[in-house]
Ligand code: SF4
């Protein structure tokens with residue numbers, strides 16, 4: 001049974017209550033401490049409360065780095081507020097750490113005067129030395145600029161659990177919930193949602209359930225009854241459009257998009273994939289959804305993943321594959337095969353940092369060139385990019401639409417930041433989703449494998465259809481008949497035709513919209529996951545009267561038809577990217593505009609303030 | 001069973017496409033194409049329900065010459081394309097045409113995994129022990145020491161043996177035949193096509209241009225009786241026109257002369273249905289010139305196919321009816337904003 005904490009509140013502690021429009025809180029500890037779990041719980045609770053949210057989990061690349069070390073620190077950042085949020089937040093307003101290593105790693109991100117809650121039990125000689133601290137930071141004055149609260153979490157958790165019969169080791173695993181309880185108190189959120197979840201989650205193990213809920217309540221009560229912490233935050237619910245909501249991250253949204261597209265096309269979904277960070281979750285999510293006739297194929301490698309999808313597409317189902325940049329490198333010959341055979345295929349690239357294995361769990365936008373041109377010869381495909389976690393749903397639907405409507409591979413670029421980031425998603429009305437009318441030649445129709453329609457699209461004739469037996473493959477084909485053909489003129493004709501077919505997609509996509517004035521001094525142009533940071537920065541600058549607008553590209557090949565026109569209406573164009581200037585180069589080459597790059601490649605997203613600062617520099621204080 | 005009477009108009013001819021085969025004169029591929037068409041007719045295969053998928057190499061041109069659905073893939077990946085086809089429409093009969101370079105070198109990984117999954121495909125591996133299309137480099141099945149354009153001093157690669165590999169991956173159907181032994185080839189192809197699961201057939205195929213006579217021992221009239229042994233289920237391994245046989249000595253095969261006290265009953269009896277693949281593996285290790293090379297079906301066992309299992313899970317999941325997007329989107333926690 002769940003006892004509501006709300007009912008027996010006994011406030012004895014006079015606290016300062018700080019009202020804020022939004023707060024950035026980060027919880028951090030060792031990767032074995034269950035930080036992601038409490039992060040998710042805090043996210044649930046705040047979103048159910050009605051705040052807008054944006055989250056950023058940050059976990060080590062190694063599954064089990066040595067406990068207590070800097071490499072083993074796992075963190076979860078939650079930004080919640082009473083207004084629309086675009087990013088997980090630049091600077092941390094409140095940090096809760098379970099060990100010294102977590103303190104050290106996160107210190108650089110704190111705002112001055114940040115609230116700091118530390119588990120003082122972990123600041124032992126061993127703990128400090130694992131975190132490479134010579135002096136105890138709790139005692140050497142180095143934290144003087146922050147409001148530090150020392151809480152003996154290990155001791156208090158053990159005390160709370162003493163009647164549960166759990167062994168000491170198991171009890172020590174409950175301290176994350178003690179910390180979460182304290183966080184709930186700090187932000188005046190009820191622990192009820194989490195208590196209900198625990199009830200269900202640990203039903204099979206009553207002792208663990210009891211210990212976890214005792215720890216959670218102990219953490220909450222500690223704030224409530226002890227005189228120690230004398231500050232609390234209050235953040236009112238946000239004004240959000242009415243409707244039913246759920247939380248979604250970019251990978252879930254992409255998986256939903258694939259399923260929805262297949263359903264709306266009346267087709268089974270085939271998803272061939274090889275596990276790779278940060279894309280594996282799409283495969284996992286899809287493998288659960290068999291009742292939608294989703295056929296997942298965990299292939300032996302990236303190449304098998306894409307070529308199986310090509311076979312599936314030839315057979316007439318909606319076929320997709322998902323991976324990250326290194327996987328796309330392996331798939332590139334396969335993508336070329338789908339280009340020349342002109343088969344619908346969706347390739348989701350959840351980008352990550354670095355060439356080669358790089359920084360597998362960190363984010364980057366380094367694969368734009370790879371998406372546009374990373375194949376041998378002239379092999380144009382359609383390239384899209386999602387702007388936010390929930391936008392992955394919409395753009396995946398778009399990718400599927402274009403692939404089937406134009407008989408072409410489509411690559412959707414997501415990234416680690418979008419795949420991990422969670423935001424509220426207003427659940428769409430299913431009937432409002434597009435319905436895809438897929439045409440397959442029927443017996444009696446005139447059929448030639450490469451006979452094109454007015455959009456230059458060839459027919460999708462399915463094996464099993466009598467009379468339409470045909471052979472396709474990687475060799476150049478004669479247009480119309482599809483026979484193997486080595487003739488020079490035909491090859492050039494086919495290369496140009498494949499390119500023009502991709503260009504024809506532009507007629508079916510929305511034009512590029514401008515946020516702010518339609519023309520002026522400075523346009524900030526972005527693509528992909530920088531949308532949140534760019535929009536927040538530009539909005540803030542505009543509120544301060546700076547003459548700046550922004551535009552965001554979701555379609556990168558073909559570009560929206562009015563792209564050149566929009567760029568031409570501004571004197572200068574600033575392109576922030578998490579790479580060394582790929583969109584900048586592309587835009588300069590395409591439109592001969594003097595676009596200026598603002599680039600960062602640290603495996604981390606932009607902070608709003610970084611872009612804001614860059615805009616200020618460029619405008620040099622000029623107002624509109 | 002007369003459920004599927006073969007219609008009289010299904011002759012080998014109707015499976016030919018309008019494209020003229022363009023292999024070199026004397027290439028073993030011609031014979032395989034002819035036998036495949038015969039088998040398709042014999043099985044009553046519908047052209048529209050048949051798909052031939054190939055990789056890259058001389059033999060991989062095969063699909064262009066058949067009036068079925070066909071996919072000429074990229075190097076080494078035919079098995080995956082075929083897997084995608086089969087999983088998407090299990091009613092199709094799916095054949096894979098591959099070679100020693102395609103299946104064992106660049107596509108080696110896929111061969112192992114396709115076989116272990118037991119996808120219902122019929123895989124024809126044309127083994128000519130050379131790279132023909134790229135004009136004569138040694139392949140993963142070329143014998144040690146073979147001089148080719150890329151091994152002028154002799155290859156220092158030890159070869160792979162396709163059947164040992166397939167059996168190692170626990171293929172449910174494994175067989176070998178020879179391009180010129182047309183009746184045997186046809187028979188083996190038919191059995192392979194009828195097998196449910198991955199059927200793997202190694203075909204000794206002569207490349208008359210770059211590796212002529214690689215299989216002289218098995219093809220030539222004067223030698224073949226002594227250098228090959230034809231396997232029959234439940235029958236002793238007898239060759240050399242009944243004069244010799246294979247006997248097991250402890251764990252090893254040995255050649256014995258029949259007569260002089262050695263009877264057929266003393267010989268190794270073939271059992272293609274043995275679940276344990278050790279016997280089949282032992283046969284795959286019998287190689288010319290030490291031994292006569294076995295021809296025929298090494299192994300033929302039943303195991304659920306990958307495609308059946310995948311579709312079975314979907315059917316189970318849909319037992320309570322198909323999924324609804326409305327429910328999918330509402331899995332987990334939701335909340336309503338008024
Ligand atoms: S090169 Fe050899 S394998 Fe290729 S077609 Fe000619 S004879 Fe046949």
List the residues of region A:329-357 whose backbone N lies under 18 Å from a point placed 7 Å from the Cα of residue A:476 along the Cα-to-Cβ direction.
A:336-342
Rg over Rh [alpha-carbon atoms, Kirkwood Rh] for chain B
1.05
Once you have a ≥ b ≥ c as the square roots of the Cα gyration tensor eigenvalues for region B:226-293, tell me rounded if a/c is under 1.5, and otherwise prolate or oblate according to whether a/b is larger than b/c.
prolate
Of A:34-46, A:123-135, ordering from highest average Cβ density within 10 Å down gives A:34-46, A:123-135
So for chain B, averaging the separation of alpha carbon pairs under 8 Å that are six or more residues apart and normalising by length, what relative contact order in percent results?
15
Among B:198, A:87, A:277, rank each residue by its count of other Cβ atoms within 10 Å, from fewest to most, as a rough exposure measure.
A:277, A:87, B:198
With an 8 Å Cα cut-off and a minimum separation of 6 or more residues, compute the relative contact order for chain A in percent.
12
Determine by what factor the alpha-carbon radius of gyration of chain A differs from 2.2 N^0.38 Å, reporting the quotient.
1.06
Pseudo-spin-label distance residue B:330 to residue A:439, built 7 Å along Cα→Cβ, given in nm, is 3.8
Cα axis of helix A:608-619 to longest principal axis of chain A: angle in degrees, 0 to 90, nearest 10?
60
Using a Gaussian network model of chain B with C-alpha springs under 10 Å, which one of B:160, B:87, B:248 is most mobile by mean-square fluctuation?
B:248
For chain A, take the longest principal axis of its alpha carbons; what is the angle in degrees between that and the long axis of helix A:325-341, to the nearest 10 within 0 to 90?
20
Could you tell me which of rounded, prolate or oblate describes region A:162-318, using a ≥ b ≥ c as the square roots of the eigenvalues of the alpha-carbon gyration tensor, with rounded for a/c under 1.5 and, failing that, prolate when a/b is larger than b/c and oblate otherwise?
prolate
Mind ordering A:174-184, B:262-272 by average Cβ neighbours within 10 Å, highest first?
A:174-184, B:262-272
Sorted by Cβ density within 10 Å, fewest first, the residues B:144, A:314:
B:144, A:314
Please give the contour-minus-distance gain from residue A:432 to residue A:136: 0.36 nm per residue of separation, less the Cα-Cα distance, rounded to one decimal in nm.
100.7 nm
Under a GNM of chain B (C-alpha, springs under 10 Å), which listed residue has the highest mean-square fluctuation: B:260, B:206, B:80?
B:260
Under the definition of partner shielding as Cβ atoms of other protein chains within 10 Å of a residue Cβ, what is the mean value for peptide A:294-306?
5
Theoretical ellipticity at 222 nm over chain A - DSSP helices of four or more residues, -39500 (n - 2.57) apiece, nearest 500
-11000 deg cm²/dmol
Is region A:514-619 best put as rounded, prolate or oblate by its Cα gyration tensor, with a ≥ b ≥ c the root eigenvalues, rounded for a/c under 1.5, and otherwise prolate when a/b is larger than b/c, oblate when not?
oblate
Could you give the length gained on full extension between residue B:276 and residue B:149, defined as 0.36 nm per residue of separation minus the Cα-Cα distance, in nm?
41.6 nm
Roughly how many Å is it from the Cα centre of region A:491-535 to that of region A:268-338, as a whole number?
26
Rounded to the nearest 5, what is the percent of antiparallel bridges among the DSSP beta bridges in region B:78-215?
10
Normalising by the residue count of region A:388-518, find the relative contact order in percent from Cα pairs under 8 Å and 6+ residues apart.
19
Within 10 Å of each Cβ in peptide A:46-53, how many partner chain Cβ atoms are there on average? Round it to a whole number, please.
1
Choice from B:156, B:32, B:256 with maximal GNM fluctuation in chain B (Cα, 10 Å cutoff)
B:156
From fewest to most C-beta neighbours within 10 Å, the residues B:100, B:226, B:252, A:620 line up as A:620, B:252, B:226, B:100
Hey, can you rank A:139-147, A:402-410, B:277-285 by average C-beta count inside 10 Å, highest first?
A:402-410, B:277-285, A:139-147
Can you pull the mean other chain C-beta count within 10 Å for peptide B:316-327?
4
Between helix A:531-543 and chain A: long-axis angle, C-alpha atoms, 0 to 90°, nearest 10
70
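Read the figures in this text as sums done on the coordinates, not as results from a lab. Everything numeric in this text was worked out from a predicted model, so none of it was measured. Note that each Cβ is placed from the backbone with ideal geometry, even for glycine, and that neighbours are counted across all protein chains shown.
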